[in-house]
Amino acid sequence: MAQQRCRSVLITGCSRGIGLGLVRGLATACPAPDWLIATCRYPEKAQELQQLSKQHRNIKVLQLDVVCENSIKKAVKEVEELLGDEGLNCLINNAGINVLASLEEVTAEAMLTIYETNTVAQLMVTKAFLPLLRKAAQLGTGMGCHRAAIINMSSISASMQLVQENEMFLKVYPYRIAKTALNMITRCLAVDLTADEILCVSLHPGWIQTDMGGCMAPLTVQEAIPGILSVLANLSKKDNGSFLDNKGEMVPW
Ligand SMILES: NC(=O)c1ccc[n+]([C@@H]2O[C@H](COP(=O)([O-])OP(=O)(O)OC[C@H]3O[C@@H](n4cnc5c(N)ncnc54)[C@H](OP(=O)(O)O)[C@@H]3O)[C@@H](O)[C@H]2O)c1
C-alpha cells in the first residue's frame, strides 16, 4: 500500500494487536494514506491508539463496534462526511475474537457468538461501506488497495485442506469454522463486485504475538506488519477472490 497511492484506509479493531500495528505501520508509510480511519469499540479506552493519533494528523479515530448496527451506521455517516466524493479506497475487516473450544467443549452459544463477530459482522460492515468503496472504485483504474479493496482478516486455521496437518487448531472449533465461512464471504464478494472492480481477498496475517495469538507466536506485531503491508501494496486483479498468507502466497482453501 505504501508504493501505490491509497488515499484512505479504514481498519476495524484498532485498539490493540494487529489492528493497532497496521495503523502504526501505515501512519509512517511513505507515502502514507491521506486518511487512516482507525476504528475501535471503546475509543476512550484505546490509549495507545489515541497517543498515536496525536502524533499523526492523518489518523482519525472513530467508534465502531462491528456487531452493533447503529454503531456501523454512525461510522459510515462520519466516514462519508470525512471523505466526501472521493469514497473509501480500502476496508480492512480486522476485528475479531477467539473462543477456545474443542469438540467436547464446544457449545451452540460459543458458535453463535463467534459467528456474529468473526463472520456476520464482516459482511454487514462491508455492506454498509460498499457505497463508499463504489465511489472510490469509480474514480480509479486497475484493481487493488489504491482503488477499492476489501481485506478480510482470516486465518490459516480456516483452511479445509490443511485440517489434518494442523491438529493444534482442533481446540478452536468455533474460530476456525467462523473464519472458513468468512472465506466464503470473500469468494462471494469477489464475484459479486467484479463489475465494480472492487477487489476482495482473505488474508492470513501470520501467527503473531497478540492477546489472541499468544506469547508462543513466532512473530511480534512489529515484525509482522511490514510483510502484511507489502502483500496489501502488491494486490492486483489476479489476487481477487484469493486466500493469501503474509508472504503473498496462496493458502489452500
Ligand atoms: N494473532 C494471530 O496470530 C492471528 C492469526 C491469524 C488471524 N488473526 C486475525 O487477525 C485479526 C486481529 O487479531 P489480533 O491477533 O490482533 O487479535 P487481538 O489482539 O485479540 O485484537 C482483536 C481486536 O478486535 C477488536 N474487536 C473484538 N470484537 C470487536 C467488536 N465487536 N467490534 C470492534 N472491534 C472488536 C478488539 O477490540 P477490544 O480491545 O475492544 O476488545 C481488538 O482491537 C483477527 O481477525 C484474528 O482472527 C490473528
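Brief remarks follow.
- q = 0.09, 0.17, 0.22, 0.23 Å⁻¹: log10 I(q)/I(0) that the Debye formula gives for region 140-253, counting C-alpha atoms only: -0.24, -0.83, -1.23, -1.30
- With Cα atoms, 0 to 90° folded angle of helix 121-139 axis to the chain main axis: 30
- The angle separating the long axis of helix 173-192 from the principal Cα axis of greatest extent in the chain is about 40 degrees.
- Close amide H contacts of Ile37 (hydrogens built in the peptide plane, cut-off under 5 Å, sequence separation of 5 or more or a different chain): Val9, Leu10, Ile11, Lys60.
- Relative contact order %, the chain, counting alpha carbon pairs below 8 Å whose residues are six or more apart: 21
- Computed with the Debye formula from one identical point scatterer per Cα of region 8-244, without solvent, the log10 of I(q)/I(0) at q = 0.10, 0.11, 0.14, 0.15 Å⁻¹ comes to -0.43, -0.52, -0.87, -1.01.
- Rounded to 10°, Cα long-axis angle of helix 69-83 versus longest principal axis of the chain: 30
- Phi-based couplings in Hz for region 216-223 (Karplus 6.51, -1.76, 1.60; Gly and Pro marked x): 7, 4, x, 10, 7, 4, 4, 6
- The region of the chain that goes longest without hitting one of the GluC sites (Glu not before Pro) in a DSSP loop, each with at most 11 other Cβ atoms within 10 Å, is 105-248.
- Qualifying trypsin sites (Lys or Arg not before Pro) for region 206-253 [loop in DSSP, other Cβ within 10 Å: at most 16]: Lys247
- Pairs from Lys77/Lys135; Lys77/Lys237; Lys127/Lys171 whose Cα-Cα separation, in the structure shown, is over 23 Å: Lys77/Lys237; Lys127/Lys171
- Of interest is the spacing of the C-alpha centroids, which for region 15-39 and region 150-185 amounts to 26 Å.
- Of all the options Leu232, Leu130, Leu83, the one that moves most in a Gaussian network model of the chain with Cα springs shorter than 10 angstrom is Leu83.
None of the figures in this text is laboratory data; all of them are computed from the coordinates on show. Please read these numbers as outputs of a predicted model, since none were measured by experiment. Because the Cβ atoms are built from the backbone with ideal geometry, glycine has one as well, and the counts that use them run over all protein chains shown.
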